[in-house]
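K.L.:
Provided herewith is a single structure, encoded as structure tokens, for subsequent inquiry.
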Amino acid sequence: MPADPQLTWEDFLRLAQQAGLDASSPHLAELFPYVQGVLASLEPLRSLDVSGEEPDMAFLPNPE
Amino acid sequence: MDTLELCYLSAAELSRGVRDRKLSPVEIVDAHLARIEATEPVLNSFITLLPEQARAAARRAEAEIQAGRRRGPLHGIPVGLKDLFNTAGVRTTSGSRLLDTFIPKEDCTVAARLQRAGGILLGKLNMHQFAYGPTGENPDYGHMHNPWDPERISGGSSGGSGSAAAAGQCPITLGSDTGGSIRIPAALCGIVGLKPTYGLVSRHGLTPLAWSMDHPGPMTRTVEDAALTLTVIAGHDPKDPASSKAAVPDYMAALTGDIRGLRIGVPKEFWAAPVDAQVAQSVREAIALLAELGAVVSEVSLPLFSASQAISNAILMPEASAYHRDRLLQDGDKLYPPVRLRMEAGLFISAADYLRGQQARRVFNLQARRLLEQVDLLAGPAVPVTAPHLLAPTVDIGGRQVGTTAALTQYSRPYNITGFPAISVPCGFSDAGLPMGLQLAGRPFDELTVLRAAHAYQQATQWHLRRPPV
């Protein structure tokens, strides 16, 4: 699976607005690099072979 | 008995003393309240103290026991609950002023079971705001402080539970663990912290952080007390949709001290991650001692260990943001800024990435389960460092600067992904006098083996008998 393209400031603002955050808030300047860091932390998932695996939507180990 | 000595008796010792009418619940509760009064200005373990309610409960317990009506093993024994366990008539803040006046109408299942067994609630324990952080920072109710060095963190998110148990404020405390929030403060404060199998202990009435990773569990000074508490709180609860119907064994019966032939695997990947030299040495010595006691130790491999932070972030963060979304959008500026950032960032993780995280979780679980067909337990450090200084953004590990949150959760997150039972047990002290923890993890619902090994180790060592200078 290819790496995600870098999140741009414009895309970030659009997503922030869609999420219900105040896109005019100066706080977003602090949030932007934080979100970039979090998304970068997910990169190892892209190199994992998960083909054919159904998601464990809730982990229920041997419930009976 | 001297009141300080009373505060450092284990819950099991107190329980036997009460049963045999050698100790009085009133005397026990008064001693712990005095200890809290003396140490709380330094530690800040509690958000809400309940001295009058606890004294009244102690008087009732004493009368019942004298009349031959002992309710259970915890009758007359003080307990403390992290402040996200709902308690009827007692405010439950989840560590945020936003919930400063929230008074639940009913007890969570864990609180109800503790009360049914006779436990006496001393108060509600301080925590990282909304359980969203491993350091025990809380600007709303004050940061938590480590009893071994108050300039350092107690760990989190169940930081008040860790400091209260370690400092003799309360023999049994309860925490919750989504990425290590029981085991991290346990390791940093020098106590035992057990994250039971997902589904074994009810989450009903707890403020969620991430539904599929939240685990309530006991934090105590001894493994025996963890087993005693688990026996009381474990078991099916129809109010929790993830609650298991598996039969609950007598966990106290597991504490035989015999671990001959027990197979313990040590994933080699644990040592490739950043880990403080003294912690590594102490954990290796602990594992060697388990081998001396008869365990068969071998090196194993868990290649996906390196992906555990990514898997955890992909699942935990969107779940937390989904739960807190309305609060975040309405009152985001009233949250602790690092908590706010985490909650907001979770809104940017796509559904596709969340589901890929869940797919990866399945692959991770299969790999970990196969490992536990080869061995009975996995061993390693609970936390790669000793308690960092308060508010330190990074920690130095062998000359390398590592983010504090990433470092603290490095070894605990894997077992929130798998849901396996995992315990942190004290395994030494650094040159600076700070405690370190050995982590043992077992198969789903095999708490018996986890507790048996941890207890055998604790019986062969004296780390848990040291007292903090506070």
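The values are calculated or read from the model by the stated rules, or taken from the named source; none is laboratory data. Nothing here was measured: the structure is a model prediction, and the numbers come from that model. All Cβ positions, glycine included, derive from the backbone under ideal geometry; neighbour counts span all protein chains shown. Protein only, heavy atoms only, side chains kept; ligands, DNA and RNA dropped before computing areas. Shrake-Rupley method; radii C 1.70, N 1.55, O 1.52, S 1.80 Å.
K.L.:
Can you tell me which residues in the range B:238-297 are within 14 Å of chain A (Cβ to nearest Cβ) and out of contact with any Asp or Glu (no Cβ under 6 Å at 6 or more places or on another chain)?
P.N.:
Restricting attention to the range B:238-297, the residues satisfying the condition of being within 14 Å of chain A (Cβ to nearest Cβ) are B:238, B:240-248, B:269, B:273.
Once the filter is applied, which keeps residues that are within 14 Å of chain A (Cβ to nearest Cβ) and out of contact with any Asp or Glu (no Cβ under 6 Å at 6 or more places or on another chain), the range B:238-297 yields B:Pro238, B:Asp240, B:Pro241, B:Ala242, B:Ser244, B:Ala246, B:Ala247, B:Val248, B:Glu269, B:Ala273.
K.L.:
Tell me, which residue of the range B:410-435 that is of a type in the set (S, T, N, Q) and open to solvent by less than 10 Å² (accessible area, probe 1.4 Å) is nearest to B:Met213 (Cα to Cα)? Walk me through how you get there before you give the answer.
P.N.:
Of the residues in the range B:410-435, the ones of a type in the set (S, T, N, Q) are B:410, B:412, B:416, B:418, B:424, B:430.
Filter once more, so that each one left must be open to solvent by less than 10 Å² (accessible area, probe 1.4 Å): B:412, B:416, B:418, B:424.
Values: B:Ser412: 12, B:Asn416: 5, B:Thr418: 9, B:Ser424: 18 Å.
Checking each candidate, the answer is B:Asn416.
K.L.:
What about B:Asp326, is it of a type in the set (D, E, K, R), without any contact (Cβ under 8 Å) to a residue 24 or more places away in the chain and within 10 Å of another protein chain (Cβ to nearest Cβ)?
P.N.:
Details: of a type in the set (D, E, K, R): yes; without any contact (Cβ under 8 Å) to a residue 24 or more places away in the chain: yes; within 10 Å of another protein chain (Cβ to nearest Cβ): yes.
For B:Asp326, the condition - of a type in the set (D, E, K, R), without any contact (Cβ under 8 Å) to a residue 24 or more places away in the chain and within 10 Å of another protein chain (Cβ to nearest Cβ) - is met.
K.L.:
Scan the range B:339-347 and tell me whether some residue there is open to solvent by less than 20 Å² (accessible area, probe 1.4 Å), in contact with a His (Cβ under 6 Å, 6 or more places away or on another chain) and assigned to a helix (DSSP H, G or I).
P.N.:
Yes, the range B:339-347 contains at least one residue that is open to solvent by less than 20 Å² (accessible area, probe 1.4 Å), in contact with a His (Cβ under 6 Å, 6 or more places away or on another chain) and assigned to a helix (DSSP H, G or I).
K.L.:
Do you know which of the residues in the range B:375-426 that are more than 14 Å from every other protein chain (Cβ to nearest Cβ), within 15 Å of the chain's Cα centre (by Cα) and assigned to a loop (DSSP other than H, G, I, E, B) is farthest from B:Ala186 (Cα to Cα)?
P.N.:
B:Tyr411
K.L.:
Name the one entry in B:Ala186, B:Ala227, B:Ala164 that is touching a residue at least 60 places away in the same chain (Cβ under 8 Å), assigned to a helix (DSSP H, G or I), in contact with a Cys (Cβ under 8 Å, 6 or more places away or on another chain) and at negative phi. Spell out the reasoning first.
P.N.:
Details: B:Ala186 fails: in contact with a Cys (Cβ under 8 Å, 6 or more places away or on another chain); B:Ala227 fails: in contact with a Cys (Cβ under 8 Å, 6 or more places away or on another chain).
Of B:Ala186, B:Ala227, B:Ala164, the one residue that is touching a residue at least 60 places away in the same chain (Cβ under 8 Å), assigned to a helix (DSSP H, G or I), in contact with a Cys (Cβ under 8 Å, 6 or more places away or on another chain) and at negative phi is B:Ala164.
K.L.:
Let me ask you something else. Please enumerate the residues belonging to the range B:266-311 that are over 23 Å from the mean Cα position of the chain (by Cα), in contact (Cβ under 8 Å) with a residue 60 or more places away in the chain and in a strand (DSSP E or B).
P.N.:
Matches in the range B:266-311: B:Val297, B:Ser298, B:Val300.
K.L.:
Report the residue count in the range B:97-111 for those that are buried (at least 24 other Cβ atoms within 10 Å of the Cβ) and out of contact with any strand residue (DSSP E or B) (no Cβ under 7 Å at 6 or more places or on another chain). Outline the logic, then answer.
P.N.:
Step one: list which residues in the range B:97-111 are buried (at least 24 other Cβ atoms within 10 Å of the Cβ), which gives B:108-111.
Checking the rest, the ones that are also out of contact with any strand residue (DSSP E or B) (no Cβ under 7 Å at 6 or more places or on another chain) come to B:109.
Number satisfying all stated conditions: 1.
K.L.:
Got at least one residue in the range A:4-17 being at pLDDT below 95, open to solvent by less than 90 Å² (accessible area, probe 1.4 Å) and facing chain B (nearest Cβ under 9 Å)?
P.N.:
yes
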